[in-house]
1. If the requirement is being modelled with pLDDT under 95, more than 16 Å from ligand 1 (Cβ to nearest atom) and either more than 26 Å from Val183 (Cα to Cα) or buried (at least 19 other Cβ atoms within 10 Å of the Cβ) (or both), which of these qualifies: Leu45, Leu14, Leu10, Leu76?
2. Please state which one of Ile215, Ile267 is surrounded by 19 or more Cβ atoms within 10 Å (Cβ to Cβ) and either under 25 Å from Ala64 (Cα atoms) or among the aromatic types (Phe, Trp, Tyr) (or both).
3. If the requirement is being in contact with a strand residue (DSSP E or B) (Cβ under 8 Å, 6 or more places away or on another chain), within 15 Å of ligand 1 (Cβ to nearest atom) and outside any helix (DSSP H, G or I), which of these qualifies: Leu247, Leu241?
4. Is one or more of the residues making up segment 305-327 within 14 Å of ligand 2 (Cβ to nearest atom), under 16 Å from the mean Cα position of the chain (by Cα) and polar (S, T, N, Q)?
5. Out of Asp229, Asp208, I need the residue that is surrounded by 18 or more Cβ atoms within 10 Å (Cβ to Cβ), modelled with pLDDT under 95 and at negative phi. Which one?
6. For Ala350, all conditions in the list (1) within 16 Å of ligand 1 (Cβ to nearest atom); (2) part of a loop (DSSP other than H, G, I, E, B) hold save one; what is the number of the exception?
7. Gly363 passes all but one of (1) surrounded by 17 or more Cβ atoms within 10 Å (Cβ to Cβ); (2) at positive phi; which number fails?
8. For the subset of segment 300-331 comprising residues that are acidic (Asp, Glu) and in a loop (DSSP other than H, G, I, E, B), which member is surrounded by the most Cβ atoms within 10 Å (Cβ to Cβ)?
Amino acid sequence: MRPTIDVSPLSHSLPLTQPVLLDPHAAPGAPLATATAAPAMPRVLFVDQSGQLGGAEFALLELAAHCSARSEVVLLADGPFRARLEALGARVQVIDEVRVSGVVRQASLMNCLRVVPAMVRQVRAIAARARAFDVLFLNTQKALVLGALGKPLHRKPVIWYQHDILTREHFGRVQLSVVKWLVRLAVDHVVVNSQASARSLAELTGRDASAAPVIYNGIDADAFSRVDDADLVALRRRLCLPEHAWLAGLFGRLAPWKGQHVALEAIARIPDVHLVLVGAPLFGEDAYAQRLREQAAALGIADRVHFAGFQDDVPTWMKAMDVIVHTSTEPEPFGRVIVEGMAAGRPVIATAAGGVTEIVRHGRNGWLVKPADADALAEAIKALHADPELAQRLADQASSDARSEFSVARYLERMSQAIKLAAR
Ligand code: UDP
Ligand code: GLC
(Lines give C-alpha, C1' and ligand atoms only; values in the text may rest on other atoms or scores of the structure.)
(Ligands and ions follow the chains in the order given, each with its own letter.)
Protein backbone atom coordinates (compact mmCIF):
# COMPACT_ATOMS: atom_id res chain seq x y z
CA MET A 1 0.00 0.00 0.00
CA ARG A 2 1.20 3.51 -0.80
CA PRO A 3 1.63 5.91 2.09
CA THR A 4 -0.79 8.78 1.65
CA ILE A 5 -0.47 12.49 2.18
CA ASP A 6 -3.26 15.01 2.44
CA VAL A 7 -5.48 14.16 -0.53
CA SER A 8 -8.08 16.85 -0.16
CA PRO A 9 -7.62 19.18 -3.11
CA LEU A 10 -9.52 22.06 -1.57
CA SER A 11 -8.11 21.80 1.93
CA HIS A 12 -6.34 25.10 1.48
CA SER A 13 -7.00 26.17 5.02
CA LEU A 14 -5.03 23.32 6.56
CA PRO A 15 -2.23 24.51 8.83
CA LEU A 16 1.19 24.36 7.23
CA THR A 17 3.44 21.72 8.75
CA GLN A 18 6.68 23.25 7.48
CA PRO A 19 7.63 26.89 7.24
CA VAL A 20 7.09 28.28 3.75
CA LEU A 21 10.44 29.51 2.56
CA LEU A 22 9.41 31.27 -0.60
CA ASP A 23 9.48 35.02 -0.45
CA PRO A 24 6.06 35.93 -1.88
CA HIS A 25 7.19 39.50 -2.52
CA ALA A 26 10.17 38.60 -4.71
CA ALA A 27 10.03 40.29 -8.12
CA PRO A 28 9.24 37.95 -11.01
CA GLY A 29 12.49 36.85 -12.58
CA ALA A 30 14.52 37.62 -9.47
CA PRO A 31 16.58 34.68 -8.17
CA LEU A 32 14.67 33.13 -5.29
CA ALA A 33 17.55 33.41 -2.86
CA THR A 34 15.29 33.17 0.18
CA ALA A 35 13.23 30.45 -1.42
CA THR A 36 15.80 27.72 -1.55
CA ALA A 37 15.20 24.44 0.17
CA ALA A 38 15.26 23.82 3.89
CA PRO A 39 18.01 21.44 5.06
CA ALA A 40 15.48 18.63 5.18
CA MET A 41 14.59 19.04 1.53
CA PRO A 42 15.83 16.03 -0.46
CA ARG A 43 18.05 16.38 -3.50
CA VAL A 44 15.72 16.20 -6.49
CA LEU A 45 16.45 15.46 -10.12
CA PHE A 46 13.57 16.99 -12.09
CA VAL A 47 12.98 15.75 -15.65
CA ASP A 48 10.82 17.50 -18.26
CA GLN A 49 10.59 16.63 -21.93
CA SER A 50 10.14 20.14 -23.28
CA GLY A 51 12.27 23.20 -23.88
CA GLN A 52 9.10 25.19 -24.61
CA LEU A 53 7.03 27.10 -22.07
CA GLY A 54 3.77 25.21 -21.61
CA GLY A 55 1.72 25.06 -18.42
CA ALA A 56 3.54 22.00 -17.05
CA GLU A 57 6.84 23.82 -17.53
CA PHE A 58 5.60 26.93 -15.70
CA ALA A 59 4.55 24.68 -12.82
CA LEU A 60 8.03 23.14 -12.73
CA LEU A 61 9.74 26.52 -13.04
CA GLU A 62 8.52 27.62 -9.62
CA LEU A 63 9.24 24.29 -7.99
CA ALA A 64 12.74 23.90 -9.46
CA ALA A 65 13.61 27.45 -8.39
CA HIS A 66 12.32 26.70 -4.90
CA CYS A 67 14.53 23.57 -4.70
CA SER A 68 17.49 24.98 -6.64
CA ALA A 69 20.08 24.68 -3.85
CA ARG A 70 20.25 20.89 -3.94
CA SER A 71 18.52 19.95 -7.17
CA GLU A 72 18.94 19.90 -10.91
CA VAL A 73 16.68 19.87 -13.97
CA VAL A 74 17.13 17.58 -16.95
CA LEU A 75 15.40 18.76 -20.12
CA LEU A 76 14.91 16.33 -22.98
CA ALA A 77 14.89 19.20 -25.49
CA ASP A 78 16.46 22.63 -25.49
CA GLY A 79 14.48 25.86 -25.75
CA PRO A 80 13.45 29.03 -23.91
CA PHE A 81 12.46 27.04 -20.82
CA ARG A 82 16.14 26.41 -20.09
CA ALA A 83 16.97 30.14 -19.91
CA ARG A 84 13.96 30.79 -17.66
CA LEU A 85 15.09 28.05 -15.27
CA GLU A 86 18.66 29.27 -15.22
CA ALA A 87 17.55 32.86 -14.59
CA LEU A 88 15.88 31.60 -11.41
CA GLY A 89 19.04 29.86 -10.25
CA ALA A 90 18.24 26.29 -11.32
CA ARG A 91 20.99 24.05 -12.68
CA VAL A 92 19.95 22.60 -16.04
CA GLN A 93 21.26 19.79 -18.19
CA VAL A 94 19.86 19.06 -21.66
CA ILE A 95 19.84 15.39 -22.68
CA ASP A 96 18.41 15.60 -26.17
CA GLU A 97 17.68 12.83 -28.66
CA VAL A 98 15.95 14.35 -31.68
CA ARG A 99 14.25 11.10 -32.69
CA VAL A 100 12.66 10.67 -29.26
CA SER A 101 11.55 14.32 -29.13
CA GLY A 102 9.81 13.74 -32.46
CA VAL A 103 7.50 10.99 -31.14
CA VAL A 104 4.00 12.46 -30.98
CA ARG A 105 1.14 11.79 -28.54
CA GLN A 106 -0.72 9.54 -30.97
CA ALA A 107 2.36 7.59 -32.14
CA SER A 108 1.88 4.04 -33.44
CA LEU A 109 3.69 1.04 -31.98
CA MET A 110 5.92 0.93 -35.08
CA ASN A 111 6.98 4.56 -34.64
CA CYS A 112 7.75 3.92 -31.00
CA LEU A 113 9.86 0.87 -31.82
CA ARG A 114 11.95 2.84 -34.33
CA VAL A 115 13.27 5.13 -31.64
CA VAL A 116 14.23 2.39 -29.19
CA PRO A 117 18.04 2.81 -29.52
CA ALA A 118 17.82 6.56 -28.93
CA MET A 119 15.47 5.95 -26.01
CA VAL A 120 17.89 3.49 -24.42
CA ARG A 121 20.62 6.14 -24.58
CA GLN A 122 18.35 8.66 -22.85
CA VAL A 123 17.19 6.16 -20.21
CA ARG A 124 20.80 5.41 -19.34
CA ALA A 125 21.83 9.06 -19.28
CA ILE A 126 18.95 10.01 -16.96
CA ALA A 127 19.62 7.02 -14.69
CA ALA A 128 23.32 7.90 -14.47
CA ARG A 129 22.41 11.45 -13.42
CA ALA A 130 19.70 10.29 -11.01
CA ARG A 131 22.18 8.31 -8.91
CA ALA A 132 23.47 11.58 -7.45
CA PHE A 133 20.01 12.57 -6.13
CA ASP A 134 17.49 11.32 -3.56
CA VAL A 135 14.36 11.50 -5.70
CA LEU A 136 13.53 11.49 -9.39
CA PHE A 137 10.67 13.91 -10.15
CA LEU A 138 9.14 13.32 -13.59
CA ASN A 139 7.08 16.24 -14.89
CA THR A 140 5.82 15.07 -18.29
CA GLN A 141 4.87 11.83 -19.99
CA LYS A 142 8.07 11.28 -21.97
CA ALA A 143 9.97 12.04 -18.79
CA LEU A 144 7.82 9.43 -17.07
CA VAL A 145 8.63 6.80 -19.67
CA LEU A 146 12.37 7.46 -19.79
CA GLY A 147 12.82 8.03 -16.07
CA ALA A 148 10.70 5.08 -14.92
CA LEU A 149 12.22 2.63 -17.43
CA GLY A 150 15.61 3.35 -15.88
CA LYS A 151 14.46 2.45 -12.38
CA PRO A 152 16.45 -0.84 -12.28
CA LEU A 153 19.56 1.24 -13.05
CA HIS A 154 19.09 4.18 -10.67
CA ARG A 155 16.93 2.56 -7.91
CA LYS A 156 15.69 5.95 -6.74
CA PRO A 157 12.15 6.75 -5.60
CA VAL A 158 10.13 8.05 -8.55
CA ILE A 159 7.44 10.71 -8.28
CA TRP A 160 5.35 11.73 -11.29
CA TYR A 161 3.40 14.99 -11.56
CA GLN A 162 0.58 14.09 -13.89
CA HIS A 163 -0.57 17.14 -15.87
CA ASP A 164 -2.81 15.35 -18.38
CA ILE A 165 -6.20 13.72 -18.57
CA LEU A 166 -5.31 10.20 -19.65
CA THR A 167 -8.04 9.41 -22.15
CA ARG A 168 -8.28 8.53 -25.82
CA GLU A 169 -9.45 12.10 -26.52
CA HIS A 170 -5.91 13.22 -25.72
CA PHE A 171 -3.62 10.19 -26.28
CA GLY A 172 -3.00 7.14 -28.45
CA ARG A 173 -3.64 3.57 -27.28
CA VAL A 174 0.05 2.67 -27.13
CA GLN A 175 0.94 5.66 -25.02
CA LEU A 176 -1.88 5.05 -22.54
CA SER A 177 -0.87 1.44 -22.18
CA VAL A 178 2.77 2.32 -21.55
CA VAL A 179 1.74 4.88 -18.92
CA LYS A 180 -0.57 2.38 -17.23
CA TRP A 181 2.13 -0.25 -16.82
CA LEU A 182 4.87 2.13 -15.81
CA VAL A 183 2.68 3.69 -13.14
CA ARG A 184 1.84 0.25 -11.81
CA LEU A 185 5.39 -1.08 -11.86
CA ALA A 186 7.95 1.70 -11.57
CA VAL A 187 6.37 4.83 -10.09
CA ASP A 188 6.34 5.22 -6.32
CA HIS A 189 4.18 8.33 -6.02
CA VAL A 190 1.86 10.18 -8.38
CA VAL A 191 0.58 13.68 -7.75
CA VAL A 192 -2.03 15.16 -10.08
CA ASN A 193 -2.96 18.66 -11.15
CA SER A 194 -6.75 18.19 -10.70
CA GLN A 195 -9.39 15.74 -9.62
CA ALA A 196 -10.28 15.29 -13.29
CA SER A 197 -6.72 14.11 -14.02
CA ALA A 198 -6.89 11.84 -10.94
CA ARG A 199 -10.10 10.23 -12.16
CA SER A 200 -8.59 9.49 -15.55
CA LEU A 201 -5.59 7.84 -13.89
CA ALA A 202 -7.88 5.76 -11.70
CA GLU A 203 -9.85 4.61 -14.73
CA LEU A 204 -6.68 3.74 -16.61
CA THR A 205 -4.91 1.86 -13.83
CA GLY A 206 -7.80 0.55 -11.73
CA ARG A 207 -6.37 2.27 -8.65
CA ASP A 208 -8.40 4.40 -6.29
CA ALA A 209 -8.51 8.06 -7.43
CA SER A 210 -7.54 9.19 -3.90
CA ALA A 211 -4.19 7.35 -4.20
CA ALA A 212 -2.82 10.35 -6.06
CA PRO A 213 -3.03 13.63 -4.13
CA VAL A 214 -4.30 16.61 -6.06
CA ILE A 215 -1.87 19.51 -6.02
CA TYR A 216 -3.19 22.48 -7.93
CA ASN A 217 -0.76 24.77 -9.73
CA GLY A 218 -0.02 27.95 -7.84
CA ILE A 219 -0.33 31.31 -9.59
CA ASP A 220 1.65 34.34 -8.47
CA ALA A 221 -1.23 36.78 -7.98
CA ASP A 222 1.17 39.53 -6.86
CA ALA A 223 2.55 39.71 -10.40
CA PHE A 224 -0.95 40.74 -11.49
CA SER A 225 -1.40 43.26 -8.68
CA ARG A 226 1.81 44.99 -9.75
CA VAL A 227 0.38 45.90 -13.18
CA ASP A 228 -1.06 49.39 -13.11
CA ASP A 229 -4.20 49.33 -15.26
CA ALA A 230 -5.69 52.59 -14.05
CA ASP A 231 -5.15 54.06 -17.51
CA LEU A 232 -6.36 51.25 -19.72
CA VAL A 233 -6.02 53.31 -22.88
CA ALA A 234 -2.33 53.97 -22.23
CA LEU A 235 -1.77 50.32 -21.38
CA ARG A 236 -3.35 49.21 -24.65
CA ARG A 237 -1.42 51.81 -26.61
CA ARG A 238 1.78 50.41 -25.15
CA LEU A 239 0.78 46.90 -26.30
CA CYS A 240 -0.35 48.17 -29.73
CA LEU A 241 -3.91 47.03 -29.05
CA PRO A 242 -7.09 48.88 -30.07
CA GLU A 243 -7.49 51.49 -27.35
CA HIS A 244 -11.25 51.84 -27.15
CA ALA A 245 -12.60 48.48 -28.32
CA TRP A 246 -14.14 45.90 -26.01
CA LEU A 247 -11.48 43.18 -25.93
CA ALA A 248 -11.87 39.45 -25.32
CA GLY A 249 -8.50 37.81 -24.63
CA LEU A 250 -7.75 34.15 -25.26
CA PHE A 251 -4.43 33.01 -23.80
CA GLY A 252 -2.70 29.74 -24.60
CA ARG A 253 -0.78 27.88 -27.21
CA LEU A 254 -2.45 27.64 -30.61
CA ALA A 255 -3.65 24.05 -30.87
CA PRO A 256 -6.91 22.55 -32.18
CA TRP A 257 -8.07 21.29 -28.75
CA LYS A 258 -7.50 24.72 -27.22
CA GLY A 259 -10.42 25.81 -29.44
CA GLN A 260 -9.25 29.15 -30.83
CA HIS A 261 -11.40 28.40 -33.91
CA VAL A 262 -14.51 28.35 -31.68
CA ALA A 263 -13.62 31.81 -30.37
CA LEU A 264 -13.34 33.11 -33.94
CA GLU A 265 -16.81 31.76 -34.75
CA ALA A 266 -18.21 33.38 -31.62
CA ILE A 267 -16.61 36.77 -32.33
CA ALA A 268 -18.04 36.69 -35.85
CA ARG A 269 -21.51 36.74 -34.21
CA ILE A 270 -20.77 39.86 -32.08
CA PRO A 271 -19.98 42.85 -34.32
CA ASP A 272 -18.56 45.23 -31.69
CA VAL A 273 -16.11 42.93 -29.88
CA HIS A 274 -12.45 42.29 -30.72
CA LEU A 275 -10.53 39.08 -30.01
CA VAL A 276 -6.87 39.02 -28.94
CA LEU A 277 -5.13 35.66 -29.30
CA VAL A 278 -2.05 35.52 -27.07
CA GLY A 279 0.08 32.44 -27.64
CA ALA A 280 1.97 30.53 -30.31
CA PRO A 281 1.86 27.04 -31.80
CA LEU A 282 4.41 25.57 -29.36
CA PHE A 283 4.32 21.92 -30.30
CA GLY A 284 4.26 21.86 -34.12
CA GLU A 285 0.70 23.09 -34.68
CA ASP A 286 1.77 25.68 -37.30
CA ALA A 287 -0.82 24.47 -39.82
CA TYR A 288 -3.59 25.16 -37.27
CA ALA A 289 -2.21 28.67 -36.68
CA GLN A 290 -2.34 29.29 -40.43
CA ARG A 291 -5.91 27.92 -40.61
CA LEU A 292 -6.97 30.38 -37.89
CA ARG A 293 -5.75 33.33 -39.94
CA GLU A 294 -7.60 31.97 -42.99
CA GLN A 295 -10.73 31.42 -40.90
CA ALA A 296 -10.62 35.02 -39.61
CA ALA A 297 -10.32 36.27 -43.19
CA ALA A 298 -13.12 34.00 -44.43
CA LEU A 299 -15.42 35.15 -41.60
CA GLY A 300 -14.66 38.80 -42.51
CA ILE A 301 -13.34 39.56 -39.01
CA ALA A 302 -9.60 39.86 -39.70
CA ASP A 303 -9.71 43.51 -38.54
CA ARG A 304 -11.17 42.46 -35.18
CA VAL A 305 -8.84 39.52 -34.49
CA HIS A 306 -5.35 40.28 -33.19
CA PHE A 307 -2.69 37.59 -33.23
CA ALA A 308 -0.24 38.68 -30.52
CA GLY A 309 2.03 35.62 -30.62
CA PHE A 310 3.76 34.31 -27.49
CA GLN A 311 4.08 36.96 -24.78
CA ASP A 312 6.25 36.79 -21.68
CA ASP A 313 4.31 39.41 -19.77
CA VAL A 314 0.95 37.67 -19.39
CA PRO A 315 -0.19 39.76 -16.35
CA THR A 316 0.02 43.00 -18.36
CA TRP A 317 -1.70 41.48 -21.39
CA MET A 318 -4.49 40.05 -19.27
CA LYS A 319 -5.08 43.35 -17.52
CA ALA A 320 -5.51 45.00 -20.93
CA MET A 321 -8.58 42.83 -21.65
CA ASP A 322 -12.25 43.28 -20.76
CA VAL A 323 -12.95 39.56 -20.54
CA ILE A 324 -10.77 36.42 -20.61
CA VAL A 325 -12.11 33.48 -22.58
CA HIS A 326 -11.01 29.86 -22.35
CA THR A 327 -12.28 27.66 -25.16
CA SER A 328 -10.75 24.17 -24.89
CA THR A 329 -12.89 21.69 -26.79
CA GLU A 330 -11.54 18.67 -24.87
CA PRO A 331 -11.53 18.51 -21.07
CA GLU A 332 -8.77 20.81 -19.80
CA PRO A 333 -6.69 19.02 -17.15
CA PHE A 334 -6.29 22.19 -15.07
CA GLY A 335 -5.95 25.48 -17.00
CA ARG A 336 -3.46 27.93 -15.53
CA VAL A 337 -4.75 30.66 -17.84
CA ILE A 338 -8.12 30.53 -16.10
CA VAL A 339 -6.65 31.16 -12.65
CA GLU A 340 -4.41 33.85 -14.17
CA GLY A 341 -7.47 35.59 -15.66
CA MET A 342 -9.07 35.44 -12.22
CA ALA A 343 -5.92 36.82 -10.56
CA ALA A 344 -5.94 39.64 -13.12
CA GLY A 345 -9.34 40.68 -11.81
CA ARG A 346 -11.06 40.08 -15.12
CA PRO A 347 -14.28 38.12 -15.67
CA VAL A 348 -13.47 34.68 -17.06
CA ILE A 349 -15.60 32.57 -19.40
CA ALA A 350 -14.43 28.96 -19.56
CA THR A 351 -15.57 25.65 -21.01
CA ALA A 352 -17.19 23.35 -18.46
CA ALA A 353 -15.11 20.18 -18.59
CA GLY A 354 -12.17 18.58 -16.79
CA GLY A 355 -10.35 20.49 -14.07
CA VAL A 356 -12.03 23.76 -15.04
CA THR A 357 -15.14 22.89 -13.03
CA GLU A 358 -12.92 22.63 -9.94
CA ILE A 359 -11.83 26.25 -10.45
CA VAL A 360 -14.83 28.10 -11.85
CA ARG A 361 -18.18 28.26 -10.07
CA HIS A 362 -20.72 29.40 -12.64
CA GLY A 363 -22.26 32.78 -11.86
CA ARG A 364 -20.10 33.21 -8.76
CA ASN A 365 -16.47 33.60 -9.79
CA GLY A 366 -16.82 33.09 -13.54
CA TRP A 367 -19.04 31.85 -16.33
CA LEU A 368 -19.12 28.31 -17.74
CA VAL A 369 -20.17 27.37 -21.26
CA LYS A 370 -20.46 24.09 -23.13
CA PRO A 371 -17.23 23.15 -24.94
CA ALA A 372 -17.13 23.65 -28.73
CA ASP A 373 -20.34 25.69 -28.70
CA ALA A 374 -19.71 29.01 -30.48
CA ASP A 375 -23.31 30.20 -29.92
CA ALA A 376 -23.06 29.65 -26.18
CA LEU A 377 -19.71 31.44 -26.07
CA ALA A 378 -21.08 34.38 -28.08
CA GLU A 379 -24.09 34.65 -25.73
CA ALA A 380 -21.82 34.58 -22.67
CA ILE A 381 -19.56 37.32 -24.08
CA LYS A 382 -22.62 39.43 -24.96
CA ALA A 383 -24.07 38.93 -21.49
CA LEU A 384 -20.92 40.18 -19.74
CA HIS A 385 -20.49 43.00 -22.26
CA ALA A 386 -24.04 44.16 -21.61
CA ASP A 387 -23.86 43.89 -17.83
CA PRO A 388 -20.67 45.49 -16.46
CA GLU A 389 -21.91 45.10 -12.89
CA LEU A 390 -22.25 41.35 -13.27
CA ALA A 391 -18.82 41.22 -14.94
CA GLN A 392 -17.27 43.19 -12.05
CA ARG A 393 -18.95 41.03 -9.40
CA LEU A 394 -17.59 37.84 -11.01
CA ALA A 395 -14.15 39.39 -11.41
CA ASP A 396 -13.99 40.52 -7.77
CA GLN A 397 -14.89 37.08 -6.47
CA ALA A 398 -12.49 35.45 -8.96
CA SER A 399 -9.62 37.65 -7.84
CA SER A 400 -10.20 36.70 -4.22
CA ASP A 401 -10.55 32.95 -5.02
CA ALA A 402 -7.36 32.92 -7.11
CA ARG A 403 -5.45 34.34 -4.15
CA SER A 404 -6.94 32.10 -1.49
CA GLU A 405 -7.15 28.79 -3.36
CA PHE A 406 -4.26 28.80 -5.83
CA SER A 407 -1.35 30.49 -4.10
CA VAL A 408 2.23 29.63 -5.03
CA ALA A 409 3.11 29.25 -1.34
CA ARG A 410 0.45 26.59 -0.91
CA TYR A 411 1.55 24.80 -4.10
CA LEU A 412 5.21 24.73 -3.03
CA GLU A 413 4.32 23.62 0.46
CA ARG A 414 2.30 20.66 -0.75
CA MET A 415 4.84 19.72 -3.41
CA SER A 416 7.63 19.83 -0.85
CA GLN A 417 5.63 17.51 1.40
CA ALA A 418 5.05 15.08 -1.46
CA ILE A 419 8.74 15.08 -2.41
CA LYS A 420 9.85 14.53 1.18
CA LEU A 421 7.41 11.68 1.51
CA ALA A 422 8.70 10.11 -1.69
CA ALA A 423 12.28 10.38 -0.45
CA ARG A 424 11.54 8.57 2.79
N1 UDP B 1 1.47 31.66 -21.62
C2 UDP B 1 2.50 32.58 -21.75
N3 UDP B 1 2.54 33.33 -22.89
C4 UDP B 1 1.63 33.20 -23.88
C5 UDP B 1 0.60 32.26 -23.74
C6 UDP B 1 0.54 31.51 -22.59
O7 UDP B 1 3.35 32.74 -20.88
O8 UDP B 1 1.75 33.90 -24.88
C9 UDP B 1 1.41 30.87 -20.39
C10 UDP B 1 0.15 31.13 -19.58
O11 UDP B 1 0.30 32.33 -18.84
C12 UDP B 1 0.04 29.86 -18.75
C13 UDP B 1 0.68 28.81 -19.64
O14 UDP B 1 1.35 29.50 -20.68
O15 UDP B 1 0.75 29.99 -17.53
C16 UDP B 1 -0.32 27.86 -20.25
O17 UDP B 1 -0.74 26.98 -19.26
P18 UDP B 1 -2.17 26.27 -19.26
O19 UDP B 1 -2.18 25.41 -18.07
O20 UDP B 1 -3.25 27.25 -19.36
O21 UDP B 1 -2.23 25.42 -20.60
P22 UDP B 1 -1.24 24.34 -21.26
O23 UDP B 1 -0.57 25.00 -22.38
O24 UDP B 1 -0.31 23.88 -20.21
O25 UDP B 1 -2.14 23.23 -21.70
C1 GLC C 1 -0.92 20.72 -18.80
C2 GLC C 1 -2.42 20.86 -18.98
C3 GLC C 1 -2.99 22.13 -18.39
C4 GLC C 1 -2.45 22.37 -17.01
C5 GLC C 1 -0.93 22.35 -17.03
C6 GLC C 1 -0.32 22.56 -15.64
O7 GLC C 1 -0.19 21.37 -19.74
O8 GLC C 1 -2.78 20.77 -20.36
O9 GLC C 1 -4.40 22.06 -18.34
O10 GLC C 1 -2.91 23.59 -16.51
O11 GLC C 1 -0.48 21.11 -17.49
O12 GLC C 1 -0.66 21.55 -14.74
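The values are calculated or read from the model by the stated rules, or taken from the named source; none is laboratory data. Remember, it's a predicted structure, so these values are computed and weren't measured experimentally. Cβ: placed from backbone, ideal geometry, glycine included. Neighbour counts: every protein chain shown.
1. Leu14
2. One residue alone meets the criteria, Ile215.
3. Residue meeting the stated conditions: Leu241.
4. Checking segment 305-327: at least one residue is within 14 Å of ligand 2 (Cβ to nearest atom), under 16 Å from the mean Cα position of the chain (by Cα) and polar (S, T, N, Q).
5. Matching residue, one of Asp229, Asp208: Asp229.
6. Failing condition for Ala350: (2).
7. (1)
8. Asp322
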